[in-house]
1. Accessible area of ILE200, 1.4 Å probe, to the nearest 10 Å²?
2. Two decimals is fine: what's Rg over Rh for segment 47-121, C-alpha atoms, Kirkwood radius as Rh?
3. Note down the accessible area of VAL451, probe 1.4 Å, to the nearest 10 Å².
4. Once you keep just the Cα pairs under 8 angstrom separated by 6 or more residues, what percentage relative contact order results for segment 20-150?
5. What angle, in degrees between 0 and 90 and rounded to the nearest 10, separates the Cα long axis of helix 451-464 from the longest principal axis of the Cα atoms of the chain?
6. Are there trypsin sites (Lys or Arg not before Pro) in segment 169-270 that DSSP puts in a loop and that have at most 14 other Cβ atoms within 10 Å, and which ones?
7. Rounded to the nearest Å, what's the spacing between the alpha carbon centres of segment 239-258 and segment 1-31? Just the number, please.
8. Which value, in Å² rounded to 10, gives the accessible area of LYS213 with a 1.4 Å probe and all protein chains present?
Amino acid sequence: MKSSDWFRDAVVYQLYLRSFYDSNGDGIGDLRGVIDKLEAITSLGVNTLWLSPFCASPNEDNGYDVSDYRSVAPELGTLADLEELLAKAHKKNLRVLMDFVVNHTSSQHPWFQDAKSSVNSRYRQWYYWSDGRPSDTHPHGGPPNNWDSYFGGSAWTQSEETGQWYLHHFLPSQPDLNWENPEVRQEMFSIARWWLEKGIDGFRLDAVHHLGKPLGLPDAPAHLKLKQFKNTRLTHAHLREFRKAVLEPWGAVAIGETGGTTPSTALLYTARQQELDAIFHFDQFFLPHPRAQDFLKNHERWYRKFSGQHAWDTAFFSNHDQGRHLSLWGDDRYLRRRSAQFFAAVLLTSWGTPFIYQGEELGLGNAGFKSPADFQDQASLRRYHEALEQGQDAELALAHLLMYGRDNARTPYSWSSAPQAGFTKGTAWLKPAYDYETINWERQQGDSDSVWEFYRKVIRLRQDNAALRHGKWVRWSHHPHIYAVQRGKGRNLVALVGNWSREFVTWNLPRSRGTQGNWVVLLSNYPASSSSVKAGKITLRPWEVYILTTV
Ligand code: NOJ
């Protein structure tokens, strides 16, 4: 049997294809663009790529609405481009994960087009259909239950053709597939095998926490803010089947996007890789104004539960669905470089496989958009308009959009100070980040103090150091501003000590087992820092971080 254990040594780079590099001037990033920039990716030191969805799609949700699972979207390239990318990536020891959109299709998918046409369609049972339910607000029948869509409004939409309602946890143009139907499962497994044959190394499974719906589709409990069911028993049953039928025989990796998990419920997915190799959970994004101690406590909670159970975790601070972490948690203005480097050190010394989201290695913050007109993302705009309709203060609603809107993280990659950030010769599909003339890839090459260079060094350190990948994780600090942890033990001990604040902070560094208790500095983020640090009282500058070892 092939193994997917390599994933535990991976450093993953998440690549948002539409915004990475446009090779043909149509304003949309493409696969050939990735091939052109492969050297730039590998020189950072990452060893795995996660490609955002690349199958044909009407792009109501940028590829998370697939209309043909066995194809490459024409605006992104051809199947031959993808095969070339896989071959070239593998030659460079770079593995490639595909974003597999399993919970729903596009409403333009031929299955749904057929399904909605008649109650007798051969594909009717591939989706969820139900009669409307009369209520005080809908005397002639409204949504069949109280479930909410993530992107605003009910999770049900009435179809004109038959008058029945269909289920969509996301946009109305993203109808949920019915995984209880064995035909659906067999077809999705066969699609997965098709891509594995092409050379894909594994999957990021989109919205997998919604695969299994509770029998009878009951109302969600009234106390839930977002009325939905997630992570049901059936979801686990489907994933176990997927593991046996697809992942195990191929030794393929699968990382599930599983909203709403706790460390205990997440174990059902990950313990002994019985279903998935790891999951994404989002606890860090629910910490209000997090500081060092919130983060440490959160990491500790997951580590404690997982590490004794042969389970593995992911570590990530940004992705294509959030505002950028530098703007949410760090300093994206005055101490941008130091705070971006601080987070790089925290991420790459975490327990669990780290995921770097494109652009964070440049120290990118939010896009600097000023108005809703700058946004393309339907989901963010729907939520914004819904907030206004519900009477929320207009300024607040706008501030929320500008800070958390998903396009903040989807701006075309800032390659250089050339027009359109050097991303395209045409006009980019989304405005580039406001600061691309100063914060860009080209400017950071050859600058030993750049954020990019710091990421490169800290990735290298992780790759060279088993303690950072597999060593035990121990929280060291209870100081409100100091993020300090120990990885590994004895002679293989590595410590991270950092100041998560814009103040000077004094802290008591424990003695090391080295000469006179001193520490050797493996990496630090202020230039001309010394090569060793004495145990005892140390003063850390704003966002200063050290990675230390004993000998
Ligand atoms: C999660 C993806 O990350 C997000 O971008 C997408 O909108 C939803 N799933 C729906 O597919």
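The values are calculated or read from the model by the stated rules, or taken from the named source; none is laboratory data. Bear in mind that the values here come from a model prediction, so they are computed numbers and not experimental data. Positions of Cβ are backbone-derived with ideal geometry, glycine not excepted, and every protein chain shown enters the neighbour counts. For the accessible areas, the whole protein counts, side chains as well, though only heavy atoms, and no ligand, DNA or RNA atoms are used. Shrake-Rupley method; radii C 1.70, N 1.55, O 1.52, S 1.80 Å.
1. Taking all protein chains as shown, ILE200 has close to 10 Å².
2. Details: Rg = 14.8 Å, Rh = 13.6 Å.
With Rg and the Kirkwood Rh in hand, the quotient comes to 1.09.
3. Its heavy atoms expose roughly 10 Å² to the probe.
4. 19
5. Helix 451-464 and the main axis of the chain meet at about 90 degrees.
6. Answer by residue number: LYS225.
7. 20
8. 0
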